[in-house]
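Single-structure report; data block below.
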Amino acid sequence: MYKILKKEVLNPTVTKLVVEAPFVAKHAKAGQFIILRVDKDSERIPFTIEDADPATGAVSIIFQIVGGMTMLLNTKEEGDFIHDFVGPLGKPSEIDGNKKVAIIGGGVGCAIALPTAKAFHQAGAQVTSITGFRNKDLVILEDEFQANSDAFYLM
(Lines give C-alpha, C1' and ligand atoms only; values in the text may rest on other atoms or scores of the structure.)
Protein backbone atom coordinates (compact mmCIF):
# COMPACT_ATOMS: atom_id res chain seq x y z
CA MET A 1 0.00 0.00 0.00
CA TYR A 2 1.25 3.45 -0.95
CA LYS A 3 0.27 6.52 1.05
CA ILE A 4 -0.96 9.70 -0.62
CA LEU A 5 1.09 12.51 0.90
CA LYS A 6 -0.52 15.39 -0.97
CA LYS A 7 -3.45 15.99 -3.32
CA GLU A 8 -3.64 19.15 -5.41
CA VAL A 9 -6.41 20.12 -7.82
CA LEU A 10 -4.63 21.80 -10.77
CA ASN A 11 -7.81 22.64 -12.69
CA PRO A 12 -11.38 21.26 -12.72
CA THR A 13 -10.36 18.08 -14.57
CA VAL A 14 -6.70 17.59 -13.61
CA THR A 15 -5.30 16.44 -10.25
CA LYS A 16 -1.78 16.01 -8.90
CA LEU A 17 -1.01 13.31 -6.33
CA VAL A 18 2.22 12.98 -4.38
CA VAL A 19 2.66 9.37 -3.30
CA GLU A 20 5.09 7.82 -0.83
CA ALA A 21 7.06 5.32 -2.96
CA PRO A 22 10.75 5.36 -1.92
CA PHE A 23 12.01 2.72 -4.37
CA VAL A 24 10.37 4.46 -7.33
CA ALA A 25 11.61 7.88 -6.17
CA LYS A 26 15.19 6.62 -5.83
CA HIS A 27 15.34 5.15 -9.34
CA ALA A 28 13.03 7.37 -11.44
CA LYS A 29 14.35 9.32 -14.40
CA ALA A 30 12.68 11.78 -16.79
CA GLY A 31 10.43 10.03 -19.29
CA GLN A 32 9.62 7.02 -17.13
CA PHE A 33 6.22 5.97 -15.82
CA ILE A 34 4.46 3.94 -13.14
CA ILE A 35 1.46 1.62 -13.22
CA LEU A 36 -0.96 1.78 -10.33
CA ARG A 37 -4.09 0.08 -9.09
CA VAL A 38 -6.33 2.18 -6.88
CA ASP A 39 -7.57 -0.89 -4.99
CA LYS A 40 -7.14 -4.65 -5.25
CA ASP A 41 -10.02 -5.04 -7.72
CA SER A 42 -9.29 -2.08 -10.01
CA GLU A 43 -7.63 -1.93 -13.42
CA ARG A 44 -3.93 -1.19 -13.86
CA ILE A 45 -3.41 2.32 -15.24
CA PRO A 46 -0.13 3.96 -16.34
CA PHE A 47 0.96 7.50 -15.44
CA THR A 48 4.08 9.45 -16.28
CA ILE A 49 6.24 10.33 -13.29
CA GLU A 50 5.96 14.11 -13.06
CA ASP A 51 8.53 14.42 -10.28
CA ALA A 52 10.45 12.23 -7.85
CA ASP A 53 12.33 13.18 -4.69
CA PRO A 54 14.76 10.46 -3.59
CA ALA A 55 15.40 12.25 -0.27
CA THR A 56 11.76 12.08 0.84
CA GLY A 57 10.66 9.05 -1.19
CA ALA A 58 7.88 11.08 -2.82
CA VAL A 59 6.68 10.55 -6.40
CA SER A 60 4.27 12.91 -8.16
CA ILE A 61 1.79 11.97 -10.86
CA ILE A 62 -0.71 14.15 -12.70
CA PHE A 63 -3.89 12.78 -14.23
CA GLN A 64 -6.97 13.94 -16.05
CA ILE A 65 -10.30 12.71 -14.73
CA VAL A 66 -11.74 11.02 -17.83
CA GLY A 67 -13.01 7.55 -16.94
CA GLY A 68 -14.01 5.22 -14.17
CA MET A 69 -10.52 4.49 -12.83
CA THR A 70 -9.38 8.11 -12.79
CA MET A 71 -12.68 9.06 -11.16
CA LEU A 72 -12.02 6.43 -8.49
CA LEU A 73 -8.43 7.62 -8.06
CA ASN A 74 -9.67 11.19 -7.67
CA THR A 75 -11.84 10.15 -4.68
CA LYS A 76 -8.66 9.42 -2.72
CA GLU A 77 -7.48 12.09 -0.29
CA GLU A 78 -4.27 12.88 1.59
CA GLY A 79 -3.58 10.06 4.03
CA ASP A 80 -5.43 7.46 1.94
CA PHE A 81 -3.62 4.59 0.26
CA ILE A 82 -3.22 3.29 -3.29
CA HIS A 83 -3.04 -0.50 -3.55
CA ASP A 84 -0.21 -0.86 -6.14
CA PHE A 85 2.36 1.65 -7.43
CA VAL A 86 4.88 -0.12 -9.67
CA GLY A 87 7.88 1.45 -11.37
CA PRO A 88 9.84 3.13 -12.63
CA LEU A 89 9.05 1.59 -16.02
CA GLY A 90 10.03 2.49 -19.57
CA LYS A 91 13.13 3.91 -21.17
CA PRO A 92 14.22 7.28 -19.75
CA SER A 93 14.53 10.31 -22.00
CA GLU A 94 18.00 10.77 -23.50
CA ILE A 95 19.40 13.93 -21.92
CA ASP A 96 23.20 13.91 -22.29
CA GLY A 97 24.94 15.86 -25.02
CA ASN A 98 22.14 18.25 -25.93
CA LYS A 99 22.97 21.95 -25.66
CA LYS A 100 19.72 23.52 -26.93
CA VAL A 101 16.31 21.88 -26.74
CA ALA A 102 12.66 22.79 -27.31
CA ILE A 103 10.04 21.14 -25.13
CA ILE A 104 6.44 21.30 -26.36
CA GLY A 105 3.41 20.22 -24.34
CA GLY A 106 -0.31 20.70 -24.58
CA GLY A 107 -3.00 20.38 -21.95
CA VAL A 108 -2.49 17.55 -19.48
CA GLY A 109 0.38 16.40 -21.75
CA CYS A 110 2.44 19.11 -20.08
CA ALA A 111 2.78 16.69 -17.16
CA ILE A 112 4.76 14.46 -19.51
CA ALA A 113 6.87 17.31 -20.91
CA LEU A 114 7.84 18.92 -17.59
CA PRO A 115 10.15 16.18 -16.23
CA THR A 116 12.09 16.23 -19.50
CA ALA A 117 12.40 20.04 -19.38
CA LYS A 118 13.67 19.76 -15.78
CA ALA A 119 16.22 17.10 -16.68
CA PHE A 120 17.60 19.09 -19.62
CA HIS A 121 17.71 22.26 -17.51
CA GLN A 122 19.58 20.46 -14.70
CA ALA A 123 22.02 19.04 -17.27
CA GLY A 124 22.87 22.58 -18.41
CA ALA A 125 21.04 22.66 -21.73
CA GLN A 126 19.35 25.83 -22.97
CA VAL A 127 15.65 24.96 -22.68
CA THR A 128 12.82 26.64 -24.58
CA SER A 129 9.40 25.42 -23.40
CA ILE A 130 6.18 25.98 -25.32
CA THR A 131 2.87 25.00 -23.71
CA GLY A 132 -0.66 25.32 -24.99
CA PHE A 133 -4.13 25.05 -23.48
CA ARG A 134 -7.69 25.44 -24.75
CA ASN A 135 -8.30 28.31 -22.32
CA LYS A 136 -6.72 30.05 -19.32
CA ASP A 137 -8.76 28.02 -16.81
CA LEU A 138 -7.01 24.81 -17.92
CA VAL A 139 -3.40 26.07 -17.55
CA ILE A 140 -1.23 23.82 -15.36
CA LEU A 141 2.44 23.83 -14.32
CA GLU A 142 3.17 27.35 -15.57
CA ASP A 143 5.49 28.22 -12.65
CA GLU A 144 7.30 24.89 -12.93
CA PHE A 145 8.00 25.39 -16.65
CA GLN A 146 9.21 28.95 -16.05
CA ALA A 147 11.60 27.72 -13.35
CA ASN A 148 13.07 25.07 -15.67
CA SER A 149 13.26 27.01 -18.95
CA ASP A 150 15.47 29.72 -20.34
CA ALA A 151 12.54 30.84 -22.51
CA PHE A 152 8.90 30.00 -21.81
CA TYR A 153 5.87 30.52 -24.04
CA LEU A 154 2.27 29.94 -22.95
CA MET A 155 -0.26 29.69 -25.78
task = Read phi for every residue in segment 66-71 and hand back ³J(HN,Hα) as whole Hz from Karplus 6.51 cos²θ - 1.76 cosθ + 1.60, θ = phi - 60°, with x for Gly and Pro.
result = 10, x, x, 6, 6, 5
task = Let me have the 222 nm mean residue ellipticity of the chain computed from DSSP H runs of 4+ only, each contributing -39500 (n - 2.57), with the sum over all residues rounded to the nearest 500.
result = -5500 deg cm²/dmol
ask   = K40: which aspartates and glutamates have alpha carbons under 16 Å from its alpha carbon, excluding same-chain residues fewer than 8 sequence positions away?
value = D80, D84
query = Say the dipole of segment 1-149 comes from +1 at the beta carbon of Lys and Arg and -1 at that of Asp and Glu; which of A119, Q64, F33 then lies farthest toward its positive end?
reply = A119
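Which value, in debye to the nearest 20, gives the size of the charge dipole of segment 28-100 about its Cα centre, when Lys and Arg are +1 and Asp and Glu are -1 at the Cβ?
Details: 8 positive and 12 negative charges, 79 e Å.
About 380 debye.
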ask   = If you stretched the chain out fully between Q126 and A147, how much longer would it get, using 0.36 nm times the residue separation minus the C-alpha to C-alpha distance?
value = 6.3 nm
query = What is the local net charge at A28, summed over the other residues whose Cβ is closer than 15 Å to its Cβ (Lys, Arg +1; Asp, Glu -1)?
reply = 0
remark   = Under the rule rounded for a/c under 1.5, else prolate if a/b exceeds b/c, else oblate, using alpha carbon gyration tensor axes a ≥ b ≥ c, segment 49-106 is classed as prolate
note = Distance in Å, no decimals, from the C-alpha centre of segment 1-73 to the one of segment 77-123 is 12 Å
request  = State in Å² the accessible area per residue of the chain; use a 1.4 Å probe, count heavy atoms of protein chains only, and round to the nearest integer.
outcome  = 53 Å²
Reachable aspartates and glutamates from K99, criterion Cα separation under 15 angstrom, eight or more residues apart if same chain = D150
key: Radius of gyration, Dmax [the chain; alpha carbons; angstrom]   = 15.3, 46
key: Compactness of segment 64-139, expressed as Rg and Dmax over alpha-carbon positions, Å   = 16.0, 42
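For a quick check of your reading of the filter: which GluC sites (Glu not before Pro) in segment 1-66 sit in a DSSP loop and have no more than 16 other Cβ atoms within 10 Å? Intermediate results must be reported in sequence, preceding the final value.
Numbers: sites: E8, E20, E43, E50; in loops: E43.
Within segment 1-66, the qualifying GluC sites (Glu not before Pro) (loop, at most 16 other Cβ atoms within 10 Å) are E43.
Share of antiparallel DSSP beta bridges in the chain, in percent to the nearest 5? Provide the component values of the computation, followed by the final result.
Values: 27 of 38 bridges.
Roughly 70 percent of the beta bridges in the chain run antiparallel, per DSSP.
So which GluC sites (Glu not before Pro) in segment 76-155 pass both tests, a DSSP loop state and at most 16 other Cβ atoms within 10 Å of the Cβ?
Working: sites: E77, E78, E94, E142, E144; in loops: E77, E78, E94.
Within segment 76-155, the qualifying GluC sites (Glu not before Pro) (loop, at most 16 other Cβ atoms within 10 Å) are E77, E78, E94.
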note = Rounded to the nearest whole number, the Stokes-Einstein translational diffusion coefficient of segment 1-58 at 4 °C and 1.567 mPa s (Kirkwood radius, C-alpha pairs) in µm²/s is 106 µm²/s
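The values are calculated or read from the model by the stated rules, or taken from the named source; none is laboratory data. Bear in mind the structure is a predicted one, so any value in this text is a computation, not a measurement. Don't worry about glycine lacking a Cβ; one is built from the backbone with ideal geometry, like all the others, and counts go over all protein chains shown. Calculation scope for accessible area: heavy atoms of the full protein, side chains included, ligands and nucleic acids excluded. Shrake-Rupley method; radii C 1.70, N 1.55, O 1.52, S 1.80 Å.
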